[in-house]
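Structure provided below as structure tokens; questions to follow.
Any read-out appearing in this document is the output of simple, stated calculations on the displayed coordinates, not a laboratory observation. None of the values given here were measured: they were computed from a predicted structure. Ideal geometry is used to build each Cβ from the backbone, glycine not excepted, and the neighbour counts take in all protein chains shown.
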Amino acid sequence: MTDDSLKFVIVGHVDHGKSTLIGRLLYDTSSLPEEKFEEIRATSEILGKEVEFAFLMDALKEERERGITIDTAQIFFRTPERTYVIIDAPGHKEFIKNMITGASQAEAAVLIVDADEGVREQTKRHGYLLSMLGLRQVCVVINKMDLVGYSRERFEEVKGDIAAYLSDLGIFPSFVIPISALRGDNVASPSPNLKWYSGPTVLEALGTFEGIKIEKRPFRFPVQDVYQVDGKSILVGRVESGEVRRGQKVVVTGKGEETSVVSIEKFLVENPEKAQYGESIGLCLKRQEGIGRGDVIASEPLPRATDTLRGSIFWMENLPYRKGDKVAFRCVTQEAEGEIEEILRKYDPASMEKKEEGAQEILPAEVAEVVIKLDHPVLVDPFSFIPEMGRFVIEVGGIPVAGGIVSEG
């Protein structure tokens, strides 16, 4: 087993088979305990059905509510090559909230479409959300092929419909795969019922996707505070990407000052040589006068310093935002005052159909693409490159009213 892992989300219209696909992936990779499978089999038998893997999700939900066994947001399975983490997105509102606020981070996505029903409202909604989040590693699965007699013609028809919609969003799926999650066709093993299809199974397709590997990205260290310990000034914070070593050259971004790391401070660790992504540490720099909360210590390529940024937001406040209203912008430890200068376009929260371009206000629960103008520059990376440096919160009167992500460019 390697340390390689991939976090991905499965999304699609209700009843198109997401729960069944998750259960099938767990079963076919031997990640489902035998007693859990027997429980599902027995329940299915009582109801006069084949083994219904969707029952697994109901069982896991009950366990999550009791606080045992399964993490509240993630489901794990393993192959000999890597670990997979499925981000459980149970519904539209929960998906937006979880993904934008960062409770979970998807590195890839599986968009599931019912072969019989075809592209539906939530299919389009979730496609837009994947685009909004900058996800480019996307696999489309056309499920329930058994219900259409494993028809190649029907597969090609649905494939054409979803590809046309996604291309308008700038998403070009790496794979479009015909499957039957219920019967296991093309999930982990090639299907004799789909001999006309020569591409990968779902598991093989997932195996080609790469994790973001934030630990390999450029070093980012937003300063949270400055501590004085035994006469030594220590910059404290969390490494949001990459790693840093003692003696390494770094830049105090925004100020444009180059300096070097004199020491790394870790709790109960003497003279550490390096620190890496996810660790909360202290740094002592060769030159650190004037550095404090809101500054970002980084390595090349540096984050972008800008007072004007483009992003996508989800408005959570019960009252609307009117163009020109003042807001506070928060990104890692950075704070700035400003306003939403342009509402480029916004979308109906129920259907994700485009509602209006050049709008003057954002209503509760609406998703919008905006341009934010700040009173001084902040340092950001695109969300898809370094998530923590591309995720922000908008506040009014000290209360969070919207979550958002920084777009590319």
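So for the range 244-356, averaging the separation of alpha carbon pairs under 8 Å that are six or more residues apart and normalising by length, what relative contact order in percent results? Show your work: numbers first, answer last.
Values: 143 pairs, mean separation 20.9, N = 113.
Contact order relative to length: 18 percent.
How much net charge surrounds THR333 when only the other residues with a Cβ under 14 Å from the Cβ of THR333 are counted, with Lys and Arg +1 and Asp and Glu -1? Present the calculation step by step, with values, prior to reporting the outcome.
Values: positive: ARG220, ARG238, ARG293, ARG330, ARG391; negative: ASP225, GLU240, ASP295, GLU335, GLU388.
Charge balance in the 14 Å sphere: 0.
Among VAL236, VAL9, which comes first, then next, by fewest other beta-carbon atoms within 10 Å? Mind showing how you got there, number by number?
Values: VAL236 17, VAL9 26.
If I rank by nearby Cβ atoms, fewest first, I get VAL236, VAL9.
Could you pull out the GluC sites (Glu not before Pro) across the range 212-273 that fall in loop regions by DSSP (anything but H, G, I, E, B) with no more than 14 other Cβ atoms inside 10 Å?
Sites meeting the loop and neighbour criteria: GLU270, GLU273.
Where does the charge balance sit around SER180 when Lys and Arg score +1, Asp and Glu -1, over other residues with C-beta under 10 Å from its C-beta?
That sum, taken over residues with Cβ under 10 Å, equals +1.
What nm distance separates the two modelled labels at GLU395 and ARG152, each placed 7 Å from Cα along Cα→Cβ?
6.0 nm
Just to verify a number: FRET efficiency for LYS286 and ASP161, C-beta to C-beta distance, R0 = 51 Å, to 0.05?
FRET efficiency, LYS286 to ASP161: 0.30.
Only counting other Cβ atoms within 10 Å, I'd like VAL239, VAL327 sorted with the fewest neighbours first.
VAL327, VAL239
Using 0.36 nm per residue, how much length does the chain from TYR227 to GLU341 gain when fully extended, once their Cα-Cα distance is taken away? Intermediate values should be presented prior to the final figure.
Working: separation 114, 0.36 × 114 = 41.04 nm, distance 3.74 nm.
Gain on stretching TYR227 to GLU341: 37.3 nm.
Quick check: the distance between the Cα centres of the range 213-242 and the range 152-210, to the nearest angstrom?
The range 213-242 and the range 152-210 have Cα centres spaced 43 Å from each other.
Taking neighbour counts of Cβ atoms within 10 Å as a proxy for exposure, in what order, fewest first, do MET316, MET132, MET145 appear?
MET316, MET132, MET145
While we're on this one: Non-local amide H neighbours of GLU342 (under 5 Å, H modeled in plane, Pro and chain starts lacking H): which ones?
HN-HN under 5 Å from GLU342: VAL371.
Moving on. Identify the chymotrypsin sites (Phe, Trp or Tyr not before Pro) of the range 167-199 meeting these criteria: DSSP loop state and at most 15 other C-beta atoms within 10 Å of the C-beta.
For chymotrypsin sites (Phe, Trp or Tyr not before Pro) across the range 167-199 that sit outside H, G, I, E and B with at most 15 neighbouring Cβ atoms in 10 Å, the list reads TRP196.
I would also like to ask the following. Where nothing but the Cβ of Lys and Arg (+1) and of Asp and Glu (-1) is charged, how large is the charge dipole of the range 304-406 around its Cα centre, in debye to the nearest 20?
Values: 12 positive and 19 negative charges, 29 e Å.
The calculated dipole for the range 304-406 is roughly 140 debye.
Now a separate question. For the pairs LYS159/LYS195; LYS18/LYS159; LYS216/LYS326; LYS216/LYS373; LYS7/LYS326, note any where the Cα-Cα span goes beyond 26 Å.
Flagged as over cut-off: LYS216/LYS326; LYS216/LYS373; LYS7/LYS326.
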